[in-house]
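Q: Just dropping this structure here.
FYI, it's all coordinate maths here, none of it is from the lab. Computed from a predicted model, the values in this text were never measured in an experiment. Every residue, glycine as well, gets a Cβ built from its backbone with ideal geometry; the counts of neighbours run over all protein chains shown.
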Amino acid sequence: MQLHLPKSIPCAVPVALIASLCFVTVAASAQVNGFPQLGHIGPSKGEVIGAAIGAGAVIALVVYLSVPKQATIEGCVETADGVSRLTDARDHRQYELVGSDVALKAGKQLRLKGKKHKTKTGRQLLVKKLVEDKGGCQPGAPAHSP
């Protein structure tokens, strides 16, 4: 399994977390009075709690990085040659809308959730969900976001 880190998280953070778990030192205590009294054996409560918190942080980081994120874009839907397209109101990039069970009508201002893809012919959005229908719009007119 290969993890793809977001640009906001430097690669050193996960490495430092994993390394901190590997180098946890356990203080050794010498036995006093021989065989009948064995003294303290095993890690202390603090060491166990620290290891559990560290393991939980690593698990949370791995889950966060491995769960796919869905993009939300908003814009006016246009249809040409049987292909629906949406121009994102924020970055003004045009996306071809593909693989949708959602009814996407031309001339509607929609907020959609899905997975962005870059192809040789342009950008695509694999639509997963209609978040909000904001009503009618003029295709080709600049979309505005509140």
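Q: For Cα pairs less than 8 Å apart in space and 6+ apart in sequence, what is the mean separation divided by the residue count of the stretch 71-136, i.e. the relative contact order in percent?
A: Answer for the stretch 71-136 is 32 percent.
Q: Under 12 Å from a label point 7 Å along Cα→Cβ of Val98: give me every residue in the stretch 105-124 with its amide N that close.
A: Residues 115-124 fall inside that zone.
Q: In addition: Under 5 Å between amide hydrogens, which residues at least 5 positions from Cys137 or on another chain qualify, with H placed 1.01 Å from N in the peptide plane?
A: For Cys137, whose amide H was placed from the backbone, the distant partners under 5 Å are Lys108, Gln109.
Q: Same structure, new question: Per residue of the stretch 46-54, what does 6.51 cos²θ - 1.76 cosθ + 1.60 with θ = phi - 60° give for ³J(HN,Hα)? Whole Hz please, x for Gly and Pro, Karplus curve as stated.
A: Here the 3J(HN,Hα) series is x, 5, 5, 5, x, 5, 5, 5, x Hz.
Q: Fully extended, how many nm does the chain gain between Lys129 and His40 (0.36 nm per residue separation, minus their Cα-Cα distance)?
A: Fully extending the segment from Lys129 to His40 adds 26.3 nm.
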